[in-house]
Amino acid sequence: MTVKKPLAAIVGPTATGKSAIALHVAARLQAEIISVDSAQVYRGMDIGTAKLPPADRVGPGGVPIPHHLIDIVAPDEPFSVADFQRLARETIDSILQRGHLPLLVGGTGLYYQAVVDPYLFTSLPGDKKIRQHLEEQAQRYGNEHLYEELKKVDPEAARRIHIHDRRRIVRALEVYMMTGRPISAALEWRHQQETPYRLAVVGLTMPRPQLYRRIEERVDAMIARGLVEEVRGLLARYDYRLPALQAVGYKEIGAYLRGEMELEEAIALLKRNTRRLAKRQLTWFRRDLRLQWWEVDPVKMEEMAVGIANYIARLLDINVE
């Protein structure tokens, strides 16, 4: 019988305090953190992704906590969930070889699930003529036209792909036109297989009014820290239509910098879109019945971290510092 590898995770909606709690948990469990955030993989996208600065990646007493899969690609470099799955699983193995516990932390549900569950990604070569035709359609009629076509032939893929992510929309339609089958079939959930890991997974949540207040405060703090300047610098180097720059925070501030709206309107839109993101994240993670949910009390974060660390240690039969 194959012995499963131990793996812990702290996931949940944005602004629930995952990063802060994870630092305490990692320190107590001798864990190394693997970010499961689809925007934190990009270099130069720091403020808008709430990326912890390197100096802050420390536990109680200033103990450094290694963080992985942050700042690994430029915003204009292709990066897929299959790439993330491969890198994350390699990182998990290297952490275990060092005698430490891998701890997934973040809010991107698909990235998390691609690691912990037996998703199989199948590769398929492209067709240059089909892709060129689809690109011409997008140029002529806009992303919305192609997105509506995708919703007809592969609603599951359309649900996963942002309407402004032209590259992935084109790829999904290309696969369908080549094979007659949806690209979502290439992301195959294999029910006959089990996860390769011995899991201890925690979800963080809080009452919605409290979460929404924290989101508004976080957005205001991002603006004060220089989010507008960060986005301005990125747009000076990269095309605003890149999938990376359609992330929440970058899309709205980018629209302001292009003169499409006033700053106050962009900030209000950013807060609304972040609330909607949190709701989608919670819906995604609620489907995973393995998660042990903890309601966050901001004034008892350290106490919660101790409880979560003890819970993980008990499930995985490991020692607590």
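The values are calculated or read from the model by the stated rules, or taken from the named source; none is laboratory data. Quick caveat: nothing in here was measured; it's all calculated off a predicted structure. Positions of Cβ are backbone-derived with ideal geometry, glycine not excepted, and every protein chain shown enters the neighbour counts.
Tabulated results
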| item | result |
| --- | --- |
| Selected residue [at pLDDT below 90 and either assigned by TED's automatic domain parsing to the domain that holds Glu32 or out of contact with any Asp or Glu (no Cβ under 8 Å at 6 or more places or on another chain) (or both)] from Gly61, Gly99 | Gly61 |
| Ala200 vs. criteria among the small types (Gly, Ala, Ser), without any contact (Cβ under 8 Å) to a residue 40 or more places away in the chain and assigned by TED's automatic domain parsing to the domain that holds Val81 | no |
| Residues of the stretch 134-152 classified as part of a helix (DSSP H, G or I) and farther than 25 Å from Thr108 by Cβ, total | 12 |
| Residue among Leu134, Leu96, Leu87, Leu104 that alone is within 30 Å of Glu217 (Cβ to Cβ) and surrounded by 15 or more Cβ atoms within 10 Å (Cβ to Cβ) | Leu104 |
| Residue satisfying all of: in the stretch 143-168; in contact with a Ser or Thr (Cβ under 8 Å, 6 or more places away or on another chain) and either closer than 22 Å to Lys128 by Cα or among the aromatic types (Phe, Trp, Tyr) (or both); surrounded by the fewest Cβ atoms within 10 Å (Cβ to Cβ) among these | Asp154 |
| Every residue from the stretch 257-305 that is β-branched (Val, Ile, Thr) and surrounded by 16 or more Cβ atoms within 10 Å (Cβ to Cβ) | Ile267, Thr274, Val296 |
| Of all residues making up the stretch 42-58, the number that are part of a loop (DSSP other than H, G, I, E, B) and farther than 13 Å from Val231 by Cα | 5 |
| The stretch 103-132 - residue that is among the aromatic types (Phe, Trp, Tyr) and part of a helix (DSSP H, G or I) and, of those, modelled with the lowest pLDDT | Tyr111 |
| Boolean, Gln210 is of a type in the set (S, T, N, Q) and under 30 Å from Glu303 (Cα atoms) | yes |
| Single condition Met261 does not satisfy, out of (1) over 26 Å from Pro209 (Cα atoms); (2) assigned to a helix (DSSP H, G or I); (3) at pLDDT 95 or above | (2) |
| Arg171 being touching a residue at least 12 places away in the same chain (Cβ under 8 Å), buried (at least 18 other Cβ atoms within 10 Å of the Cβ) and under 23 Å from the mean Cα position of the chain (by Cα) | yes |
| Restricting the stretch 203-256 to residues that are touching a residue at least 60 places away in the same chain (Cβ under 8 Å) and hydroxyl-bearing (Ser, Thr, Tyr), the residue that is farthest from Ile318 (Cα to Cα) | Tyr238 |
